[in-house]
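Let me begin by presenting the structure, written as structure tokens, before commenting on it.
The values are calculated or read from the model by the stated rules, or taken from the named source; none is laboratory data. Please read all numbers here as calculations on a predicted model, not as lab measurements. Every residue, glycine among them, receives a Cβ derived from its backbone with ideal geometry; neighbour counts consider all protein chains shown.
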């Protein structure tokens, strides 16, 4: 069924109200349009535009929660329209950037800067030269950076298993240096909010050099240490990349203990290995340096990804799935939209933890790479070919990657978390 003249008339009147600046009247008319369309079981291939316009009106009135609902409805309809049109991705739809901008605006108004950044980024992928998207995205990224110290400290304090493991390992490493008859001088890579620096000082370190690339986090690290009574002479904070550190400029002296809290699952691609190699060559003592983590093992697992909004039952997608995907075999899907919000972006507030229900393990975990001692420079030219045995049926859509860490002695930690993996590669 196509739109009736009454519904078409409501839409025309709403557009006229928007042009006249009467956003509340436009919202009333568009709400009547949706109610009448639902009552008449009416559909239209461009109904998403009405939701987009209604979201814009709510934004103009500062009604961000209502704008979020309409922006999400718009994007949902756009995904369905794109699938019907045979587009490879909904981002190829010409209205996608505008819908993402309105979603981002709603999230920004609600103070959800991390999610807003992801929404604006999704729009920029489709239209990278859109000036309004670029400007607001840069603003949101700045807000994310400003909020990063609070977010990091909040996440660290709540993540008791991780904080406990790294704190204990840092304290044990400092104690081991002191037990060898040396004064513990610690180089901390990835100082974040300063908690591990505090652990090192309380364990007896005579000096801690804190390295944190984010200037906002570096400033927070300095404040945390001073607030907790650490003398300014006992630490220094530098906002530098670990591979550019220099003695004299960034470090007052050669260190005998390295704590490298810069590990996620991207050990092989995230800069961890070059940072440790530079530290070993230029910044640590040659004889018996103490390093945390002491050893690293990278693991991987083949996984399938459930289509966004769908559930798998017995190899079939549930009948209530969106976008007309009912009764389609799960093995025919290569839909990674469930992972969109977990992709890496240059923001300290992304990615977010992965919902374990969005992926299906297809193979047993396999060892990708093992570094038995960080005191020995890694062979970065090594190439490995892995055989992965599938243990479950499904479509191989992604690879889960994580790191198993021997922090110090018997203290261990996994970036996989419990029970779900936190990051995807």
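Before moving on, here are some points about what is shown:
- Evaluation of residue 116 against (1) under 30 Å from residue 143 (Cα atoms); (2) surrounded by 13 or more Cβ atoms within 10 Å (Cβ to Cβ); (3) at pLDDT 90 or above (one fails), failing number: (3)
- Cβ pairs under 9 Å, 6+ apart, first in the range 22-44 and within 15 Å of residue 66 (Cβ to Cβ), second at pLDDT below 90 and outside any helix (DSSP H, G or I): none
- Scope the range 178-208; condition closer than 11 Å to residue 257 by Cβ and surrounded by 24 or more Cβ atoms within 10 Å (Cβ to Cβ); matching residues: 184, 186, 187, 188, 200, 205, 208
- Every pair of residues 6+ apart whose Cβ atoms lie under 9 Å, when the first sits in the range 144-156 and is loosely packed, with under 15 Cβ neighbours inside 10 Å while the second is part of a helix (DSSP H, G or I): 146/113; 146/216; 150/220
- Of the criteria (1) in contact with a strand residue (DSSP E or B) (Cβ under 8 Å, 6 or more places away or on another chain); (2) under 30 Å from residue 91 (Cα atoms); (3) in a loop (DSSP other than H, G, I, E, B); (4) at pLDDT 75 or above, which one residue 326 fails: (4)
- Test result for residue 91, assigned by TED's automatic domain parsing to the domain that holds residue 116, surrounded by fewer than 24 Cβ atoms within 10 Å (Cβ to Cβ) and part of a helix (DSSP H, G or I): yes
- Residue in the range 251-260 that is closer than 24 Å to residue 144 by Cα, in contact with a helix residue (DSSP H, G or I) (Cβ under 8 Å, 6 or more places away or on another chain), surrounded by fewer than 24 Cβ atoms within 10 Å (Cβ to Cβ) and not assigned by TED's automatic domain parsing to the domain that holds residue 375 present: yes
- Residue tally, condition crowded, with 20+ Cβ neighbours inside 10 Å and under 18 Å from residue 369 (Cβ atoms), over the range 390-405: 5
- Residue among 106, 119 that alone is in contact (Cβ under 8 Å) with a residue 40 or more places away in the chain and either in contact with a helix residue (DSSP H, G or I) (Cβ under 8 Å, 6 or more places away or on another chain) or assigned to a helix (DSSP H, G or I) (or both): 106
Rundown of residues vs (1) part of a helix (DSSP H, G or I); (2) touching a residue at least 60 places away in the same chain (Cβ under 8 Å), yes/no style:
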residue: 188; (1), (2): no, yes
residue: 209; (1), (2): no, no
residue: 225; (1), (2): yes, no
residue: 233; (1), (2): yes, no
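- Condition broken by residue 172, with the remaining ones in (1) at negative phi; (2) assigned to a loop (DSSP other than H, G, I, E, B); (3) surrounded by fewer than 24 Cβ atoms within 10 Å (Cβ to Cβ) satisfied: (2)
- Every listed requirement among (1) in contact (Cβ under 8 Å) with a residue 40 or more places away in the chain; (2) crowded, with 16+ Cβ neighbours inside 10 Å; (3) touching a helix residue (DSSP H, G or I) at 6+ places or on another chain (Cβ under 6 Å) is met by residue 80 save one, (3).
- Within the range 25-63, the set of residues being assigned to a helix (DSSP H, G or I), surrounded by fewer than 19 Cβ atoms within 10 Å (Cβ to Cβ) and assigned by TED's automatic domain parsing to the domain that holds residue 115 comprises 49, 60.
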